[in-house]
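Structure record follows, encoded as structure tokens.
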Amino acid sequence: MAASFDGLRFSHWRTESREDGIVVLSLDRQGAPVNALSQDVLIELGDLIERIAIDPPKGVVIRSLKPAGFIAGADLKEFQEFDRKGTVNDAIRRGQAVFQKLAELPCPTVSAIHGHCMGGGTEISLACRYRVASSDASTRIGLPEVMLGIFPGWGGSARLPRLVGAPAAMDLMLTGRTVSAPAARAMGLIDKVVEPALLLDAAVAMAQKGTVRPFKQRFLGWISNTWLARQILAPQMAKQVARKARKEHYPAPYALIDTWKRSGGGSIQARLDAERRSVVKLASTPTARNLVRIFFLQERLKSQGGKDHGIKHVHVVGAGVMGGDIAAWSAYKGFEVTLQDREQRFIDTALTRATDLFNKRVKDDAKRPAVAARLKSDLAGTGVADADLVIEAIIENPEAKRDLYQSIEPRLKADALLTTNTSSIPLTELREHIQRPAQFAGLHYFNPVAQMPLVEIIRHDGMAPETEKRLAAFCKAIDKLAVPVAGTPGFLVNRVLFPYMLEAVTAYSEGVPGPAIDKAAVKFGMPMGPIELIDTVGLDVASGVGKELAPFLGLPIPAALSAPPEPGKRGKKDGQGLYKWENGKAVKPEVAKDYQAPSDLEDRLVLPLLNEAVACLHDGVVSDSDLLDAGVIFGTGFAPFRGGPIEYIKATGADALVEKLKVLQGRYGDRFAPRPGWDSPVLRGPVV
């Protein structure tokens, strides 16, 4: 008979000793909607394994009782607390020890995976002898710790390379990407994929009968971890990582490669010890602390939207790049969408782009026609009458927008919401003549819509709280992060970004080469340089934003943005802007090898952004500094490892940055004058 658990009481684990000799351990973390591996959960599991080891059953199956998924990973709030107390080493050692006890059980062990299986969930599965996963589309398996500035520390990096071979294992850990059950099966991470209803039975059968892994997989697991293979592969891996992340900004992937290179051929205990030492060191870096903080900021933004948005039909007016892509994304996410413009050719172009999106995103060929059918051409605008949400995305011209609203609003349903995708115009300018201002708001997306996660919900003093709630719920339904902001010019993201872009164009007009400007910004940690960014956004859009924002901010506009660009020279979308563009990539001119960029170039670019972030916080554009950091990170890609503008100011020192601004003010003029708000105690609070 299987092990007895008499006398043991558990808060998080349920035990079943089956008549066939298999013990099923089911995780149902108390008081939590999803399973995360807290120290309490691990301690209970350790006690269970010790009892099982005394009288081993014929097999052990580990599964989740949470319908949402298997295990989401470690408890990150607890991890933050360990970091503050300096006890990360103890927490990692405990997790490793429990999983190693599981791996050493003399009976077969099987992980039964359904839904999300992330981080520690994947690591506990790797400690089992076998893994079975459900074929459901929700089943995703991964080790995303690199996104948090560390790498798998409970045995994941020690075990995965031996299981699936170093190339596949390192790719999974270095990118943090997740894979489906069939993809995991193909690489050898999963032994069997079954229908969800058959998962437990299949896991029990695997525990009873086992399976033999293909010779090719076993051979690859051995040969790719030999000393010679590690010396050859590690530099290649580091070179690939360097194309996407600088070592001084994101040390985790480099530390993972180095740890595997040095210790990947040792015993399991030697590999675990090397893993633990490296992860403990990474956990205390500013990068890891900031990335964990950003994870919680993201969770906060996700939690703002409920489920009750009451929106089924979305009508988009304006089939340009933004409007067309907003319509396509909404259809992809399950909404019925009608797309209107003044000429059919604009709609047709948008529908072609939408087809490209659906081809990339909808992997199942059979489902693609149904997704495409949700997006309909609507030249006459008849969809307005049926719409629950109207999104206006026409040119940045207040008069044109107001004229459109006057024609649309009388046809709207009583509870329909009217929104604008304006990137800079204050909503007080747009709501004139609107009959139902309570149901009018801004819904500002960012380009490219399919990639940028943020949407700003623009408030005005006549907007109903219910409107904001519905829009936040809609954003959640289309997998976007919503940040509510005041309806002042530029809102949050463009107001913070504009001085940065303006200074870049000013330096460009002074003769500083575009590639040198971009290089300085990327060195700071921006995802792309500001000259390339302006071309990506479009010189026409940048010029329109400048017309609205420059007077408000009191900033001079350089010639390149003072007027709309020449036809065919709007940037990436035309193939020509400040740079030439080919195949979607900027063709940057060569810079002379002996060229020395101005020593203050990075400060000239970054400090205006920080200056305006402080002013936004002072003016109440967002309700707190965390929302500001989140908005700027997810809306602009601002160096995530720095934690956002306000966190960076706290870490660097507000007073030191004010002195730098004053130096630049004396050198270049009053556009660098410190803005109101630098005396805020928030800027001198504790650094994460």
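Here are some notes:
- Failed item in (1) part of a loop (DSSP other than H, G, I, E, B); (2) within 29 Å of the chain's Cα centre (by Cα); (3) within 26 Å of residue 63 (Cα to Cα), with residue 247 passing the rest: (3)
- Counting the residues of the stretch 381-421 that are small (Gly, Ala, Ser), over 21 Å from residue 347 (Cα atoms) and surrounded by 14 or more Cβ atoms within 10 Å (Cβ to Cβ) gives 1.
- Residues in the stretch 1-33 that are closer than 18 Å to residue 74 by Cβ, modelled with pLDDT under 95 and of a type in the set (A, V, I, L, M, F, W, C): 32 only.
- The stretch 602-629, residues that are closer than 24 Å to residue 532 by Cβ and under 16 Å from the mean Cα position of the chain (by Cα): 629
- Residue match in the stretch 317-332 (condition: part of a strand (DSSP E or B), touching a strand residue (DSSP E or B) at 6+ places or on another chain (Cβ under 7 Å) and in contact (Cβ under 8 Å) with a residue 60 or more places away in the chain): yes
- Pairs are defined by a Cβ separation below 9 Å, a sequence spacing of at least 6 or placement on different chains, a first member in the stretch 508-519 that is under 16 Å from residue 577 (Cα atoms), and a second member that is of a type in the set (Lys, Arg) and part of a helix (DSSP H, G or I); no pair meets this definition.
A quick yes/no check of all residues on (1) farther than 27 Å from residue 571 by Cβ; (2) free of Cβ contacts under 8 Å to residues at least 24 places away in the same chain; (3) of a type in the set (Ser, Thr, Tyr):
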position	(1), (2), (3)
585	no, yes, no
589	no, no, no
609	no, no, no
631	no, no, no
677	yes, no, no
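- Complete set of residues in the stretch 633-665 that are acidic (Asp, Glu) and without any contact (Cβ under 8 Å) to a residue 40 or more places away in the chain: 655, 659
- Checked across the stretch 297-311, the condition of being closer than 26 Å to residue 144 by Cβ, part of a helix (DSSP H, G or I) and basic (Lys, Arg) holds for at least one residue.
- Output for the stretch 581-638, where each listed residue is of a type in the set (Gly, Ala, Ser) and over 25 Å from residue 455 (Cα atoms): 586, 592, 597, 599
- Entirely in the stretch 127-223, the helices (runs of 4 or more DSSP H) that have 2 or more residues that are at pLDDT 95 or above and closer than 29 Å to residue 288 by Cβ: 156-164, 166-175, 181-187
- Residue selected from the stretch 645-688 under the condition of a type in the set (S, T, N, Q) and farther than 21 Å from residue 525 by Cα, by the criterion nearest to the chain's Cα centre (by Cα): 680
- Qualifying residue in the stretch 462-479 (condition: out of contact with any Lys or Arg (no Cβ under 7 Å at 6 or more places or on another chain), assigned by TED's automatic domain parsing to the domain that holds residue 562 and assigned to a loop (DSSP other than H, G, I, E, B)): no
- Under the condition of being hydroxyl-bearing (Ser, Thr, Tyr) and either in contact with a Ser or Thr (Cβ under 6 Å, 6 or more places away or on another chain) or over 20 Å from residue 413 (Cα atoms) (or both), the residues counted in the stretch 370-390 number 1.
- Residue satisfying all of: in the stretch 375-430; part of a strand (DSSP E or B) and among the polar types (S, T, N, Q); nearest to residue 635 (Cα to Cα) among these: 420
- Residue check for residue 640: farther than 30 Å from residue 299 by Cβ and not assigned by TED's automatic domain parsing to the domain that holds residue 489: no
- Test: residue in the stretch 530-540 that is over 26 Å from the mean Cα position of the chain (by Cα) and modelled with pLDDT under 95: yes
The values are calculated or read from the model by the stated rules, or taken from the named source; none is laboratory data. Model, not experiment: these values are computed from the prediction. When we count neighbours, we look across all protein chains shown, and the Cβ atoms used for this are built from the backbone with ideal geometry, even at glycine.
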